[in-house]
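To start, the structure under review is shown below, and the notes come after it.
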Amino acid sequence: MPRQARVKSESGYTHLIVRGIGRQVLFEAREDYQFYLAILERYSHETEIQVCAYCLMENHVHLLVCDANARIASMMKKLGVSYSQYFNRKYKRQGHLFQDRYLSEPIDDERYLLTVFRYILNNPQKVGISTADYEWSSYRLFAQPSPIVDTRVFRELIGDEEQYVAYLAMPNDDHCLEYERRRKDDEWAREIIRKRLGGKSGTVLQSFERAEQNKVLAQLLKDGLSIRQVERLTGISRGIVQGIKS
């Protein structure tokens with residue numbers, strides 16, 4: 001099944017999310033975060049992409065970028081290959097580290113640009129860490145020269161550092177790309193299922209003999225689908241799927 005073409009941003013601003021396959025942890029130690037930031041700096045410069053904000057969480061990465069030359073795919077490929085090789089070599093693992101496709105969301109109005117900026121920097125709050133205390137985001141670089149991020153546009157839109165702190169602390173119901181993550185993840189999962197089943201939908205698995213069913217379920221879990229996704233998209237009970245996982 002051909003992949004759906006990505007929608008390009010007319011403004012050049014795009015919100016990107018990269019996730020570990022099957023929620024694989026991407027950063028085990030400080031030097032892992034440091035290495036990712038080093039290659040982000042390198043490849044964003046090579047591709048002439050402006051990084052406006054970033055947040056590296058344990059199993060996913062948020063980036064807000066401005067790409068005037070349609071080179072996001074090139075930067076993301078270089079980042080993915082370089083970090084996967086580093087991580088697999090360091091932790092003696094094999095196979096894919098990231099989900100097959102990064103998620104991207106074009107941003108074409110100023111208000112939503114500011115919403116995404118705030119959403120990315122506030123992401124640590126989801127795991128109980130205050131925005132200001134989280135080390136692996138660009139929060140502290142708003143008013144400082146940085147080789148990685150360029151916040152000039154946001155300083156013009158938001159104001160000084162006091163206004164910046166106040167803007168991030170405003171009550172909000174920001175969702176951004178995460179709001180559609182389940183839908184997009186399920187589209188990816190359905191594509192994997194169809195590939196494994198010769199173009200058929202996941203519910204056909206219910207008619208398989210148990211041994212063959214278990215074999216396919218194990219492969220889907222290995223491909224990175226979650227237990228909840230497999231249950232939802234095949235109609236096979238969670239207990240059976242969990243038995244395969246264990």
Inset, instruction - Of all alpha-carbon pairs in region 44-163, indicate the percentage at a distance above 16 angstrom. - result: 66
Legend entry - Value at 222 nm in deg cm²/dmol, rounded to 500, when DSSP H runs of n ≥ 4 in the chain each add -39,500 (n - 2.57): -14000 deg cm²/dmol
Legend entry - Residues ARG93 and ILE148, FRET efficiency given R0 of 22 Å [Cβ-Cβ distance, rounded to 0.05]: 0.25
Inset, instruction - Treat the count of other C-beta atoms within 10 Å as a stand-in for reagent exposure and order ILE193, ILE72 from fewest to most. - result: ILE72, ILE193
Legend entry - Out-of-range pairs (alpha-carbon distance over 26 Å; input LYS77/LYS195; LYS200/LYS222; LYS90/LYS195; LYS90/LYS126; LYS77/LYS222; LYS92/LYS222): LYS90/LYS195; LYS90/LYS126
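Within a 10 angstrom radius of the beta carbon, how do MET76, MET170 rank from fewest other beta carbons to most? Show your work: numbers first, answer last.
Working: MET76 21, MET170 8.
Fewest to most other Cβ atoms nearby, the residues stand as MET170, MET76.
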Inset, instruction - Using volume of the Cα convex hull per residue in Å³ as the read-out, say which of (i) 126; (ii) 113; (iii) 142 was calculated from these coordinates. - result: (iii)
Inset, instruction - Evaluate the distance, in nm, between pseudo-label points positioned 7 Å from the Cα of ILE129 and of ALA68 along their respective Cα→Cβ axes. - result: 3.4
Inset, instruction - Give me the number: length gained by fully extending GLU46 to ALA166, i.e. 0.36 nm times residue separation minus the C-alpha to C-alpha distance, one decimal in nm. - result: 39.8 nm
Legend entry - Sequence ranges 205-211, 229-235, ranked by mean other-Cβ count within 10 angstrom, highest first: 229-235, 205-211
Inset, instruction - Report the relative contact order of the chain, percent, no decimals, based on alpha-carbon pairs under 8 angstrom and at least 6 residues apart. - result: 21
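Starting with the fewest neighbours, write out LYS92, LYS215, LYS126 ranked by other beta-carbon atoms found within 10 Å of each beta-carbon.
Final ranking by Cβ density, sparse to dense: LYS92, LYS126, LYS215.
Every number in this text was worked out from the coordinates using simple rules, so none of it is lab data. Please read all numbers here as calculations on a predicted model, not as lab measurements. Virtual Cβ from ideal backbone geometry, glycine too; neighbours counted across all protein chains shown.
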